[in-house]
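Visitor: Have a look at this one before I ask anything.
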Amino acid sequence: MIAVVKSTATTEQLDHLVKWIEDRGFRTNVSQGDNETLVGIIGDTTQIDPFILESMDLVERVQRVSEPFKLANRKFHPEDTVVDCGHGVLVGGGHFQVIAGPCSVEGDNLIRIARAVKAAGATMLRGGAFKPRTSPYSYQGMGEKGLDLLMEAGGELDMPVVTEVMDPRDVELFVSRGVDVMQVGARNAQNFPLLRELGRTNTPVLLKRGMSQTIDELVMSAEYVMSEGNANVMLCERGIRTFETRTRNTFDVNAIPVLRHLTHLPVVADPSHSTGYTRYVRSAAYAATAAGADALEIEVHDCPSQAWSDGAQALTPEQFVDAMRRISLIRDAVTAPIEEA
Ligand code: PEP
Ligand code: MN
């Protein structure tokens, strides 16, 4: 981190700043130029709040040289992390998976949808039992009964299940039921007590990007989980909120290569919540695959018009079969070695 000091600063003020920094356990490197003085701050600067420095009268501005995240940073861990989701399913490091299923677990149709997505090539089953709805009057999910149905379906089809946990007090319940991947929804992306609680388990976490979260903030949320000891984190781009109203969210396809560059964690893309409309989901899924996503999460329902949540963005099993064929072709195209001319 570098603090740029104003040319008007006196030697006493500069000495005072250097002492302030060194008192906090950092080393400094002062470089006096003609117009400004640079104070290099050496050490683990993730501990420093740049705004405190910037609020000092003699400081012109502060610039970070290294990212504020350590555990998720590819610089310190160059190899891709491979997350073992159970049932022999790996994500990352060249292992590509498709997670599919209904938005919500609704009852007996779960097993029918699960069989259909598995037959089409999905390798992980999704479904929400505890739903984070914008309105308290909307359907809130089946709760524990929904978890039972999911675990039964996952067991029968030998597929890991992915389901959302909203409350830190439920984490133990999810672990005891054997949930394979705990999803943190966009609305909880910065629920720090929840992230810390998940960090105290070994269960893989699928961390969705908050609606207005920057890429760095998403990585910092992963850092919360990892700093408690759980390194099994996957990041998920699921669309962000912008001025555009033609789609439910704006799919930030850029985030996929950016996250893969910044971090070693697997990157998942959710084309369903990114677009919000069935007619656009496949295009976004293809773009995400081409952009290098390690996994896709896609909502599928056998009767979208009757779905209890997110029917407008669900693919039918037939549409999903069609999508899977093309996803597989695109994945092959972007991973095949290019022959020298
Ligand atoms: C979901 O996966 O059904 C969901 C609620 O997603 P998000 O948190 O991304 O809105
Ligand atoms: Mn949904």
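The values are calculated or read from the model by the stated rules, or taken from the named source; none is laboratory data. Everything numeric here is computed off the predicted structure, so don't read it as measured data. All Cβ positions, even for glycine, are placed from backbone atoms using ideal geometry, and neighbour counts span all protein chains on display. Remember, those area values only see protein heavy atoms, side chains included, never the ligands or the DNA or RNA. Shrake-Rupley method; radii C 1.70, N 1.55, O 1.52, S 1.80 Å.
Visitor: Provide the solvent-accessible area of SER135, counting protein heavy atoms only and rolling a 1.4 Å probe, rounded to the nearest 10 Å².
Guide: About 40 Å², ignoring ligands and nucleic acids.
Visitor: List the residues of the stretch 263-278 whose backbone N lies under 15 Å from a point placed 7 Å from the Cα of THR134 along the Cα-to-Cβ direction.
Guide: Backbone N within reach: 273-277.
Visitor: Run down the lysines and flag those whose C-alpha is under 17 Å from the C-alpha of LYS145, throwing out any fewer than 8 positions away in its chain.
Guide: LYS145 reaches LYS131.
Visitor: Next question. Starting from the Cα of SER176, move 7 Å in the Cα-to-Cβ direction to define the label point; list residues of the stretch 140-155 whose amide nitrogen is under 13 Å from there.
Guide: 144
Visitor: Would you work out what percent of the accessible area of the chain, with all protein chains in place, is carbon or sulfur (probe 1.4 Å)?
Guide: Ligands and nucleic acids excluded, carbon and sulfur give 50 percent.
Visitor: Also, I was wondering about something else. Sequence-distant or interchain residues sharing an amide H contact under 5 Å with GLY210, placed H: which?
Guide: none
Visitor: Let me cross-check HIS16: its accessible surface, 1.4 Å probe, with only protein heavy atoms counted, in Å² to the nearest 10?
Guide: Its accessible surface works out to 130 Å², give or take rounding.
Visitor: Let me check something: with ligands and nucleic acids excluded, how do SER55, SER31 order by accessible area (1.4 Å probe), largest to smallest?
Guide: SER55, SER31
Visitor: Go through ILE41, ILE338, ILE330 and list them by solvent-accessible area, largest first, probe radius 1.4 Å. Don't jump to the answer; show the numbers that get you there.
Guide: Values: ILE41 10, ILE338 145, ILE330 35 Å².
Result of the area sort, largest leading: ILE338, ILE330, ILE41.
Visitor: Another question, then. Can you classify the stretch 271-341 as rounded, prolate or oblate using the Cα gyration tensor, where a ≥ b ≥ c are the square roots of its eigenvalues, rounded means a/c under 1.5, and otherwise it's prolate if a/b beats b/c and oblate if not?
Guide: Taking the square roots of the gyration eigenvalues as a ≥ b ≥ c, the stretch 271-341 is prolate.
Visitor: Could you derive backbone 3J(HN,Hα) for the stretch 20-31 from the dihedral phi with the Karplus parameters 6.51, -1.76 and 1.60 (θ = phi - 60°), listing whole Hz in sequence and x where the residue is Gly or Pro?
Guide: 4, 5, 5, 4, 8, x, 9, 9, 10, 9, 9, 10
Visitor: With 10 Å bins from zero, work out the P(r) of the stretch 230-318 over every alpha carbon pair and list the percent per bin.
Guide: All Cα pairs considered, the percentages come to 19, 46, 28, 8, 0.
Visitor: With no solvent and one point on each alpha carbon, what is the Debye value of log10 I(q)/I(0) for the stretch 83-335 at q = 0.13, 0.17 Å⁻¹?
Guide: With one equal scatterer per Cα and no solvent, log10 I(q)/I(0) is -0.72, -1.37.
Visitor: Follow-up. Averaged per residue, what accessible area in Å² does the stretch 101-149 show with a 1.4 Å probe, protein chains only?
Guide: 41
Visitor: How much net charge surrounds LEU235 when only the other residues with a Cβ under 14 Å from the Cβ of LEU235 are counted, with Lys and Arg +1 and Asp and Glu -1?
Guide: Summing Lys/Arg as +1 and Asp/Glu as -1 gives -4.
Visitor: Keeping all protein chains in place and using 1.4 angstrom, which order do MET166, MET124 fall into by accessible surface area, from largest down? Display every interim value, and only then the final one.
Guide: Working: MET166 55, MET124 0 Å².
Order by accessible area, largest first: MET166, MET124.
Visitor: Can you pull a Stokes-Einstein diffusion coefficient for the stretch 43-177 at 25 °C (0.890 mPa s), Rh from Kirkwood over Cα pairs, as a whole number of µm²/s?
Guide: 134
Visitor: Could the peptides 147-153, 92-98, 238-244 be put in order, highest first, of the mean number of other beta-carbon atoms found within 10 Å of their residues?
Guide: Taking the mean over residues of other Cβ atoms within 10 Å, the ranking is 147-153, 92-98, 238-244.
Visitor: Any idea how far apart TRP20 and ASP148 come out in nm if each label point goes 7 Å out from Cα toward Cβ?
Guide: With each label placed 7 Å out from Cα toward Cβ, I get 6.1 nm.
Visitor: Can you tell me what share of the DSSP beta bridges in the chain is antiparallel? A percent to the nearest 5 is fine.
Guide: The antiparallel fraction comes to roughly 40 percent.
Visitor: Give me the compactness ratio for the stretch 2-63, meaning the Cα radius of gyration over 2.2 N^0.38 Å.
Guide: 1.00
Visitor: Moving on to the next point. Given a 10 angstrom Cα cut-off, can you work out which residue in ALA269, ALA293, ALA323 is the most mobile in a GNM of the chain?
Guide: Its mean-square fluctuation being the largest, the pick is ALA323.
Visitor: Kindly report, to the nearest 10 Å², the accessible surface of LEU38 as traced by a 1.4 Å probe over protein heavy atoms only.
Guide: About 60 Å², ignoring ligands and nucleic acids.
Visitor: Over the stretch 174-298, with the other protein chains present, what is the accessible area per residue in square angstrom, probe 1.4 angstrom?
Guide: I get 36 Å² per residue for this part.
Visitor: Counting only the backbone N, which residues of the stretch 23-54 are under 12 Å from the spot 7 Å out from the Cα of GLU228 toward its beta-carbon?
Guide: Counting backbone N atoms under 12 Å from the label point, the list is empty.
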